[in-house]
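Chemist: Below is the structure I would like to discuss, written out as structure tokens.
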Amino acid sequence: YGSLPTSGRVFVSVANRDKRAMIFPVKRLADLGFEVLATAGTAEVLRRNGIVHTQVSGDVVEEIIGGKFSLLVSTSGDRSPAGAADRAIRAAASAHQVHSITTIRGLEATVRALESLRTTDDAFDVIPLQEPCRVPRT
């Protein structure tokens, strides 16, 4: 879906098993300037840990379709009714090219990448593997 977004709104909905592990990476997203929106259960954990966020009150799928989110964090996906809603949210994000993160490890890696983008002064080039290596000779 192009470059990793460096700002905007992030939707967060994590399974109970992931709630403890998501605290630090979501706090870092908020510290990086992302506006954090979360489902009720996730929002409660964020509130207890002092992380600035807004609890989602509307239809998340409609907000995704409307381009309201630049990043989505969703780690559930079980067969419960909440899992069905999560699958619909992920499908909408995919259809509307919203970057989606589905694991805590993926969330941690994304946060590290965003921090790196913010602190790196040098631009970098992407070179296809098919191109021969061009190492400057000294």
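The values are calculated or read from the model by the stated rules, or taken from the named source; none is laboratory data. Only a predicted model underlies this, so the values are computations on that prediction, with no experimental measurement involved. So basically every Cβ, Gly included, is an ideal-geometry build from the backbone, and we count neighbours across all protein chains shown. Keep in mind that these areas ignore ligands, DNA and RNA; they rest on the heavy atoms of the full protein, side chains included. Shrake-Rupley method; radii C 1.70, N 1.55, O 1.52, S 1.80 Å.
Chemist: Condition check: open to solvent by 30 Å² or more (accessible area, probe 1.4 Å), within 14 Å of the chain's Cα centre (by Cα) and β-branched (V, I, T). Does T6 satisfy that?
Modeler: yes
Chemist: I need every pair where a residue in the range 82-106 that is farther than 22 Å from T6 by Cα and modelled with pLDDT under 90 has its Cβ under 7 Å from the Cβ of a residue that is assigned to a helix (DSSP H, G or I) and open to solvent by less than 70 Å² (accessible area, probe 1.4 Å), sequence separation at least 6 or different chains.
Modeler: Cβ pairs passing all conditions: A88/V61.
Chemist: Could you run through the range 55-72 and say how many residues are β-branched (V, I, T) and open to solvent by 70 Å² or more (accessible area, probe 1.4 Å)?
Modeler: 1
Chemist: Please go through the range 1-28 and give me each residue that is assigned to a helix (DSSP H, G or I) and not β-branched (V, I, T), ordered by number.
Modeler: Once the filter is applied, which keeps residues that are assigned to a helix (DSSP H, G or I) and not β-branched (V, I, T), the range 1-28 yields N16, R17, D18, K19, R20, A21, M22, F24, P25, K27, R28.
Chemist: A follow-up question, please. From (1) more than 16 Å from the chain's Cα centre (by Cα); (2) of a type outside the set (S, T, Y); (3) at pLDDT below 95, pick out the condition that doesn't hold for G50.
Modeler: (3)
Chemist: Another question, if that's okay. Can you tell me which condition V111 does not meet? The list is (1) at pLDDT 90 or above; (2) under 16 Å from S7 (Cα atoms); (3) open to solvent by 50 Å² or more (accessible area, probe 1.4 Å); (4) of a type outside the set (D, E), and all the others hold.
Modeler: Condition not satisfied by V111: (3).
Chemist: OK, next. Scanning for something aromatic (F, W, Y) and open to solvent by 50 Å² or more (accessible area, probe 1.4 Å), does the range 32-54 turn up at least one residue?
Modeler: No, that holds for no residue.
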